[in-house]
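S.K.: Provided herewith is a single structure, encoded as structure tokens, for subsequent inquiry.
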Amino acid sequence: WGAPPLRQAAEALRWRTYRAPLGLRGDRNDGRARLVFGEIAGKAEVWLDGVKLGEKGAAQAGPLSLPLPKGAAWRTLTVLVEAQPDQPSGLTGPVLVEPGTP
């Protein structure tokens, strides 16, 4: 994706798709890890290997944190972002994998 912010101009298409490989290490993904988006502008759906992890229903910019399925693997992360009319949208904050806490 590159480094956020990944923002589309307001006059661009309504939907944006962001897709990237995601390498998960077993020692950081023991079933309690979370995928954390610092900020997404627009409504969003997050998919991992074709399975929906969750969504952000609010159009205004804000964070999103979702649990990750357990296990080490290379996976495909897809984020669909829906822009509101005349509003910029996209991934506007950092994207992190946070390990779970015991």
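S.K.: Any residue in the stretch 77-88 that's within 19 Å of Gly54 (Cα to Cα) and modelled with pLDDT of 85 or more: show its pairings with residues that are surrounded by 15 or more Cβ atoms within 10 Å (Cβ to Cβ) and among the aromatic types (Phe, Trp, Tyr) at Cβ separation under 6 Å, as long as the two are six or more apart or on different chains.
M.R.: Close Cβ pairs satisfying both conditions: Thr78/Trp47; Val79/Tyr18.
S.K.: Specify the residue that is farthest from Trp15 (Cα to Cα); the eligible residues are those in the stretch 79-93 that are touching an Asp or Glu at 6+ places or on another chain (Cβ under 9 Å) and open to solvent by less than 80 Å² (accessible area, probe 1.4 Å).
M.R.: Here the residue is Gly93.
S.K.: For the stretch 18-32, does any single residue satisfy the condition of being surrounded by 15 or more Cβ atoms within 10 Å (Cβ to Cβ), within 16 Å of Gly93 (Cα to Cα) and at pLDDT 85 or above?
M.R.: Within the stretch 18-32, one or more residues are surrounded by 15 or more Cβ atoms within 10 Å (Cβ to Cβ), within 16 Å of Gly93 (Cα to Cα) and at pLDDT 85 or above.
Residue-wise test of (1) open to solvent by 50 Å² or more (accessible area, probe 1.4 Å); (2) more than 17 Å from Leu91 (Cα to Cα); (3) over 9 Å from the mean Cα position of the chain (by Cα).
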| position | (1), (2), (3) |
| --- | --- |
| Gly42 | no, no, yes |
| Leu53 | no, no, yes |
| Pro67 | yes, yes, yes |
| Leu77 | no, no, no |
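The values are calculated or read from the model by the stated rules, or taken from the named source; none is laboratory data. All values derive from a computational prediction rather than experimental measurement. Note that we place each Cβ from the backbone using ideal geometry, even for glycine, and neighbour counts take in every protein chain shown. Quick note on the areas: whole protein, heavy atoms, side chains included, nothing else; ligands and nucleic acids left out. Shrake-Rupley method; radii C 1.70, N 1.55, O 1.52, S 1.80 Å.
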